[in-house]
Amino acid sequence: MKAKTVDKIATSVIVVLALFIVVLLLGLLGFILIRGIGQINWHFLTSAPQLLKGGGGIGPQLFNSIFLLVLTLIITIPLGWGGGIYMAEYAKPGRITSFIRLVVEVLSSFPSIVIGLFGLLLIVNTFGLGFSLLSGAMALAIFNLPLMVRTTEQAFRAVPKEQKEAGLALGLSKWKIITSILLPVALPSLITGTILASGRIFGEAAALMFTAGMSSPPLDFTDWNPTSPRSPINPLRPAETLAVHIWKVNSEGIGPDSKEIAAGASAVLVLLVLAFNLSARWIGRVVYRRMTASK
Amino acid sequence: MNNKLKSRRPLREKHYWEEWTGRIYTSICVVFLIVVMFSIVYFVASKGLSTFFQDGVSLSEFLSGKTWNPAGEPAAYGALPFITGSFITTFLAALIASPLSLCAALFMTEIVPGKGKKILQPAIELLSGIPSVVYGFIGLSVIVPLLRSIFGGAGVGIAAGCLVLSVMILPTVTSIMADALSALPKGLRESSYALGATRWQTIYRVIIPTVLPALLTGIVLGMARAFGEALAVQMVIGNAPHVPTSLLESASTLTSVITLSMGNTTMGSVHNNALWSMALVLLVMTFVFVILVRLLERRNRV
């Protein structure tokens, strides 16, 4: 066969398969949204799930997911940003630094179920926190930290060298340079990275089944005392998140409308993750405009 | 005036403190990461190894035993069905996803650079953002009925599991491959075209051999993700504790059996410890994948 013919065939195969991926994505999104969006209404989003009857909602699960995300970010942001700053600014090339890199790489490749099991063993049982929001947040923090460290390091490395040199020329200390010169410049990409990571936290389920638990106590949304067991903001109560709920409904749902519930909850989850992705870009741009003089 | 001067700390001392708060704070963050990694390894290993040292299950029985019957008399703790299930689904998923990913990456970098990237990049990012339980839900409501209507039987099984997994690892593999291809120096392509080679000849003879280690890195990372994925697989694979003999037969993976049984066993029982041993297998495989990636990266640099 002529080389030109082969070239044409190969090119068309590549184009067809690449477009197949786009079609696949559109099909997946279309399927989730078409199946699920009809289920979403105010009642579905706010009411509690029903075990045996139909007509249950996902209110507590949605609240748990958001609350868990906030708790996780409270733990991960200081640790992850700190670790990333160390890697970008303090670490000198050598044995120790490459060892830390290896640790981050290994930590980020651990399957989430292994991290969940570790959480079950250490946080839930040994520390005695039980199946709780706090245990879940800690497990998710482990899951999320390596990613955070990596994006922070990249964000700091991307800051132009001149900015740092200007700080040094002014006679500032290194920490002062980091916090008042580099951090504002790196902030837009830090925020974008953090929001993207949040999307991942939001959809994570395997690590949560063994730490945050697979049930939610009946919540009383008028009780804002953080120590009361029915209070929604009590960090020591068990909490089933949206993703765990989808899993549970699919694998052991016995209600008559479990298929519909799963479809609706999946659509909510995907819409929220999409919202995270879009807002990450948008907020990153806005912050960048605020922090720098560019338009 | 005098008072004001006195209360001001000397600049040098202030610098000293600032310097050390930064250094100590960031070091603590890094030390925390190291401690977490080692404690994960320690706790999972100590639990997983107690199956062999305390409960007297032999390692060969665990790794090669074909019957899993922890409630039986005598109880059998053969994890081979789950180990084979995990490996088969992972390899098949990589087999399906790799050519697709390679085509997508080539499309983005070689065929229509610029425009192709604009179409595919967001698609890939969105695919990677879809949570795994949603993939499981789609698998359960689309792939399983589809397989059932085409091939008959239950529809759940290895085939459904690896189809779901292959879509899940597609973004990981594609983005690494695309990065590798776009990092390639331009001169390489141009000299090949200058010799009169067609685009496909350039891709096939020049580009792919040059970036092969990086392409393989992408595949290995995808496999690592597939091997550890729990819930999506568990939903569609059927969870029967047998060594699978056909792709359409219900089977189990290490992750799916841990997901299902961990909550129903009491801590410290032999059954529970055997599940921890499976988690240890997952952990060991993670290290194997990391080592493979490192070896490939080393080849890439030379």
*Those residues that are outside any helix (DSSP H, G or I), in contact with a helix residue (DSSP H, G or I) (Cβ under 7 Å, 6 or more places away or on another chain) and surrounded by fewer than 24 Cβ atoms within 10 Å (Cβ to Cβ), I need them from the stretch A:83-112; list them, please.*
A:Ala91
*Within the stretch A:17-35, can one find any residue that is buried (at least 19 other Cβ atoms within 10 Å of the Cβ), part of a helix (DSSP H, G or I) and in contact (Cβ under 8 Å) with a residue 24 or more places away in the chain?*
yes
*Return only the number of the condition from (1) at pLDDT 85 or above; (2) surrounded by 15 or more Cβ atoms within 10 Å (Cβ to Cβ) that B:Ser39 does not satisfy.*
(2)
*Only one of these conditions is not met by A:Gln61: (1) away from every other protein chain (no Cβ under 14 Å); (2) out of contact with any Phe, Trp or Tyr (no Cβ under 8 Å at 6 or more places or on another chain); (3) under 28 Å from A:Ala197 (Cα atoms). Which number is it?*
(1)
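One line per residue, one yes/no per condition, for (1) open to solvent by 40 Å² or more (accessible area, probe 1.4 Å); (2) free of Cβ contacts under 8 Å to residues at least 24 places away in the same chain; (3) within 19 Å of B:Ile203 (Cα to Cα); (4) within 11 Å of chain A (Cβ to nearest Cβ):
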residue: B:Pro99; (1), (2), (3), (4): yes, yes, yes, yes
residue: B:Glu110; (1), (2), (3), (4): no, no, yes, yes
residue: B:Val134; (1), (2), (3), (4): no, yes, no, yes
residue: B:Phe137; (1), (2), (3), (4): no, no, no, yes
residue: B:Leu147; (1), (2), (3), (4): no, no, no, no
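Within the stretch B:192-211, is there a residue that is on the phi > 0 side of the Ramachandran plot and either out of contact with any strand residue (DSSP E or B) (no Cβ under 8 Å at 6 or more places or on another chain) or touching a residue at least 24 places away in the same chain (Cβ under 8 Å) (or both)? Lay out the reasoning, then the answer.
Step one: of the stretch B:192-211, the residues on the phi > 0 side of the Ramachandran plot are B:196.
When the remaining residues are screened for being either out of contact with any strand residue (DSSP E or B) (no Cβ under 8 Å at 6 or more places or on another chain) or touching a residue at least 24 places away in the same chain (Cβ under 8 Å) (or both), the result is B:196.
Looking through the stretch B:192-211, at least one residue is on the phi > 0 side of the Ramachandran plot and either out of contact with any strand residue (DSSP E or B) (no Cβ under 8 Å at 6 or more places or on another chain) or touching a residue at least 24 places away in the same chain (Cβ under 8 Å) (or both).
Taking the stretch B:266-286, which residues are touching a residue at least 24 places away in the same chain (Cβ under 8 Å) and of a type outside the set (Gly, Ala, Ser)? Steps first, please.
Start the filter on the stretch B:266-286 by keeping residues that are touching a residue at least 24 places away in the same chain (Cβ under 8 Å), which leaves B:270-271, B:273-274, B:276-283, B:285-286.
The answer is B:Val270, B:His271, B:Asn273, B:Trp276, B:Met278, B:Leu280, B:Val281, B:Leu282, B:Leu283, B:Met285, B:Thr286.
Identify, from the list A:Ile115, A:Ile142, the residue that is within 10 Å of chain B (Cβ to nearest Cβ), assigned to a helix (DSSP H, G or I), open to solvent by 10 Å² or more (accessible area, probe 1.4 Å) and modelled with pLDDT of 90 or more. Before you say what the answer is, go through the steps one by one.
On the way: A:Ile115 fails: open to solvent by 10 Å² or more (accessible area, probe 1.4 Å).
Answer to the selection: A:Ile142.
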_So B:Glu18, is it of a type outside the set (A, V, I, L, M) and either in contact (Cβ under 8 Å) with a residue 40 or more places away in the chain or open to solvent by 40 Å² or more (accessible area, probe 1.4 Å) (or both)_ = no
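With the structure loaded, tell me whether A:Pro256 is in a loop (DSSP other than H, G, I, E, B), in contact (Cβ under 8 Å) with a residue 60 or more places away in the chain and more than 14 Å from chain B (Cβ to nearest Cβ) or whether it fails that test. Please lay out each step first, then the result.
On the way: in a loop (DSSP other than H, G, I, E, B): yes; in contact (Cβ under 8 Å) with a residue 60 or more places away in the chain: yes; more than 14 Å from chain B (Cβ to nearest Cβ): yes.
Taking the combined requirement at face value, the residue satisfies it.
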_With within 29 Å of A:Val244 (Cβ to Cβ) and of a type in the set (S, T, N, Q) as the only criterion, which of A:Thr11, A:Thr46 stands out?_
A:Thr46
_Filter the stretch A:64-78 down to the residues that are buried (at least 24 other Cβ atoms within 10 Å of the Cβ) and over 12 Å from the mean Cα position of the chain (by Cα) and list them by number._
A:Asn64
_If the requirement is being at the interface with chain B (Cβ under 9 Å from one of its Cβ atoms) and within 28 Å of the chain's Cα centre (by Cα), which of these qualifies: A:Ile37, A:Ile9, A:Ile14, A:Ile21?_
A:Ile21
*Single unsatisfied condition, B:Phe289 versus (1) free of Cβ contacts under 8 Å to residues at least 24 places away in the same chain; (2) within 30 Å of B:Ala183 (Cα to Cα)*: (1)
*Going through the stretch B:172-192 one residue at a time, which ones are within 12 Å of chain A (Cβ to nearest Cβ) and either open to solvent by 60 Å² or more (accessible area, probe 1.4 Å) or charged (D, E, K, R) (or both)?*
none
_Which numbered condition B:Gln54 misses (of (1) within 29 Å of A:Val273 (Cα to Cα); (2) out of contact with any Cys (no Cβ under 8 Å at 6 or more places or on another chain); (3) open to solvent by 50 Å² or more (accessible area, probe 1.4 Å))_ = (1)
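Could you tell me how many of the residues in the stretch B:222-236 are of a type in the set (Asp, Glu) and either over 16 Å from B:Leu280 (Cα atoms) or surrounded by fewer than 24 Cβ atoms within 10 Å (Cβ to Cβ) (or both)? Spell out the reasoning first.
Taking the stretch B:222-236 as the starting set, the residues that turn out to be of a type in the set (Asp, Glu) are B:229.
In the following step, the residues that additionally are either over 16 Å from B:Leu280 (Cα atoms) or surrounded by fewer than 24 Cβ atoms within 10 Å (Cβ to Cβ) (or both) were identified as none.
Selection size over the stretch B:222-236: 0.
Name the residues in the stretch B:121-132 that are farther than 15 Å from A:Leu272 by Cα and more than 7 Å from every other protein chain (Cβ to nearest Cβ), would you?
The first filter runs over the stretch B:121-132 and keeps only residues farther than 15 Å from A:Leu272 by Cα, leaving B:121-124.
Scanning the stretch B:121-132 gives B:Gln121, B:Pro122, B:Ile124.
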*Exactly one condition in (1) more than 26 Å from A:Pro111 (Cα to Cα); (2) open to solvent by less than 10 Å² (accessible area, probe 1.4 Å) is not met by B:Leu33; state its number.*
(1)
_Residues that are more than 19 Å from B:Leu120 (Cβ to Cβ) and assigned to a helix (DSSP H, G or I), drawn from the stretch B:172-194_ = B:Lys186, B:Gly187, B:Leu188, B:Arg189, B:Glu190, B:Ser191, B:Ser192, B:Tyr193, B:Ala194
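Would you point out which residue out of A:Val249, A:Val287 is among the aliphatic types (A, V, I, L, M) and either within 30 Å of A:Met87 (Cα to Cα) or not in a helix (DSSP H, G or I) (or both)? Please lay out each step first, then the result.
Details: A:Val249 fails: either within 30 Å of A:Met87 (Cα to Cα) or not in a helix (DSSP H, G or I) (or both).
That would be A:Val287, the only listed residue that is among the aliphatic types (A, V, I, L, M) and either within 30 Å of A:Met87 (Cα to Cα) or not in a helix (DSSP H, G or I) (or both).
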*So B:Gln54 clears everything in (1) within 14 Å of chain A (Cβ to nearest Cβ); (2) farther than 30 Å from A:Gly27 by Cβ except one condition, right? Which one?*
(1)
*Count, please, the residues in the stretch A:259-277 that happen to be at pLDDT 85 or above and more than 10 Å from chain B (Cβ to nearest Cβ).*
4
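Count, please, the residues in the stretch B:112-123 that happen to be of a type in the set (A, V, I, L, M) and open to solvent by less than 30 Å² (accessible area, probe 1.4 Å). Even if it seems obvious, please write down each step before you answer.
So in the stretch B:112-123, the residues of a type in the set (A, V, I, L, M) come out as B:112, B:119-120, B:123.
Within this subset, residues satisfying the condition of being open to solvent by less than 30 Å² (accessible area, probe 1.4 Å) are B:120, B:123.
The total comes to 2.
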*Going through the stretch B:149-171 one residue at a time, which ones are part of a helix (DSSP H, G or I), modelled with pLDDT under 90 and open to solvent by 20 Å² or more (accessible area, probe 1.4 Å)?*
B:Ser149, B:Ile150, B:Phe151
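The values are calculated or read from the model by the stated rules, or taken from the named source; none is laboratory data. What you are looking at is a predicted structure, and each value in this text was computed from that prediction instead of being measured. Cβ sites come from the backbone with ideal geometry, for glycine too, and all protein chains shown count toward neighbours. All accessible areas refer to the heavy atoms of the entire protein, side chains included, with ligands and DNA or RNA removed. Shrake-Rupley method; radii C 1.70, N 1.55, O 1.52, S 1.80 Å.
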